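Here is the structure we will look at, set down as structure tokens.
The values are calculated or read from the model by the stated rules, or taken from the named source; none is laboratory data. The shown structure was predicted, so the numbers you read here are calculated from the model rather than taken from an experiment. No Cβ is skipped: glycine too gets one built from the backbone with ideal geometry, and neighbour counts run over all protein chains shown. For accessibility, only protein heavy atoms count, side chains too; no ligands or nucleic acids. Shrake-Rupley method; radii C 1.70, N 1.55, O 1.52, S 1.80 Å.
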Amino acid sequence: MSTTSTALPKAPDTRTSSEADQRHRRRLGPGWFLVSPSVALLLLWMLVPLSMTLYFSVIRYNLLYPGENDFVGLENFHYFLTDAGFMPGMTNTLILVGSVLLISVVLGVLISALLEAADFAGRGIVRVLLISPFFIMPTVSALVWKNLIYHPVSGILAAVWKFFGAQPVDWLAQHPLASIVIIVSWQWLPFAILILMTAMQSLDQEQKEAARLDGAGPIAIFWHLTLPHLARPIAVVVMIETIFLLSVFAEIFTTTSGGPGYASTNLAYLIYTQALLQFDVGMASAGGLIAVVIANIAAIILVRMLGKNLTEKY
């Protein structure tokens, strides 16, 4: 005796179509019309200056010759890339960004770990003092370093050199790029400390206690527990600082003016010299577009390298 079973027809899956309908309704809902003015204003805010820069980059636009606005195509880009200051400016930009990132990340991790491990009176005040340089304007901090610390006659470093019987050093003239690296690192180190110190407070203390019970020392706990926990905050610090460090200008303008020669000139200051010192707006616009392309390439590389690794890990 055989029994036959008839399969019931499967109900059509309407979940996909309903989700698509919901997305379509959200697009046409009142929320889109409420957001659209701000989106349009943001697009105008970005597109108008970018369009003007694109236009100026393909014409001969020098303020010393206002009547000559001929179309030159890619000539401004060629002149900027072959300018004597482009390669020193590009090299100095990479050195500045890499050095500040290394200093801020390494010292930020160490200082944050020491503050988290140490328990002493006034730790909150120390945290506030460590973070406070980040809120000082770049021009003000550069003036402080130039006149109170680096000055070869009345600066603090000159007084220390004289105390030990040594000849004071004119830091901004003899070591201009290293001096600017120290100034910018002093400004951005508090940002790294703030992010990393906040992240350390979310570290599971039970894991640390279990590691101590298993005989792990402070260095082993730091290497195997603290550093892996700080992988995501370090990636955030690197991405944000890289974008801002590519456009460092106020510190160079206030202290060394890009000199001696091109010793402390970066891309941002080179564009400034083309636009406001040589009055070549077309060439400066081409340089600005090149700097934008470089910044976007760096941002894409960082997001893909760091973001993908963190997504896979977490």
With the first residue restricted to region 295-306 and required to be closer than 16 Å to residue 245 by Cβ, and the second required to be at pLDDT 85 or above and open to solvent by 80 Å² or more (accessible area, probe 1.4 Å), Cβ contacts under 7 Å at 6 or more apart or on different chains are 295/243; 299/243
When every residue in region 139-157 that is polar (S, T, N, Q) and free of Cβ contacts under 8 Å to residues at least 40 places away in the same chain is compared, the one surrounded by the most Cβ atoms within 10 Å (Cβ to Cβ) is 147
| said: Yes or no: region 234-243 includes at least one residue that is in contact with a strand residue (DSSP E or B) (Cβ under 9 Å, 6 or more places away or on another chain), open to solvent by less than 10 Å² (accessible area, probe 1.4 Å), modelled with pLDDT under 90 and of a type outside the set (D, E, K, R). | reply: no
Note on region 179-215: residues open to solvent by 50 Å² or more (accessible area, probe 1.4 Å) and among the basic types (Lys, Arg) are 212
Residue 220: more than 30 Å from residue 152 (Cβ to Cβ), of a type in the set (Gly, Ala, Ser) and at pLDDT 85 or above, yes or no?
-> no
When region 251-301 is checked residue by residue, the ones that are farther than 20 Å from residue 62 by Cα, open to solvent by less than 60 Å² (accessible area, probe 1.4 Å), in a helix (DSSP H, G or I) and not hydrophobic (A, V, I, L, M, F, W, C) are 251, 254, 255
| Residue within region 137-150 that is under 18 Å from the mean Cα position of the chain (by Cα), outside any helix (DSSP H, G or I) and more than 24 Å from residue 88 (Cα to Cα) present | yes
All conditions in (1) open to solvent by less than 60 Å² (accessible area, probe 1.4 Å); (2) in contact (Cβ under 8 Å) with a residue 12 or more places away in the chain; (3) on the phi < 0 side of the Ramachandran plot are true of residue 218 except (1)
Scanning region 95-138 for residues that are exposed (fewer than 14 other Cβ atoms within 10 Å of the Cβ), under 29 Å from residue 262 (Cα atoms) and not β-branched (Val, Ile, Thr) gives 98, 102, 137
Does residue 113 qualify as being touching a Phe, Trp or Tyr at 6+ places or on another chain (Cβ under 9 Å) and under 18 Å from residue 195 (Cβ atoms)? yes
Scanning region 154-173 residue by residue, those farther than 25 Å from residue 265 by Cα and either in a loop (DSSP other than H, G, I, E, B) or in contact with a Cys (Cβ under 8 Å, 6 or more places away or on another chain) (or both) turn out to be 154, 164, 165, 166, 167
So, residue 249, is that one out of contact with any strand residue (DSSP E or B) (no Cβ under 8 Å at 6 or more places or on another chain), modelled with pLDDT of 90 or more and more than 30 Å from residue 113 (Cβ to Cβ) or not?
yes
query = Is it true that some residue in region 53-72 is closer than 17 Å to residue 272 by Cα, open to solvent by less than 50 Å² (accessible area, probe 1.4 Å) and hydroxyl-bearing (Ser, Thr, Tyr)?
reply = yes
Pairing a residue in region 98-124 that is without any contact (Cβ under 8 Å) to a residue 60 or more places away in the chain with any residue that is part of a helix (DSSP H, G or I), where Cβ atoms lie under 7 Å and the two sit 6 or more apart in sequence or on different chains, gives 123/115
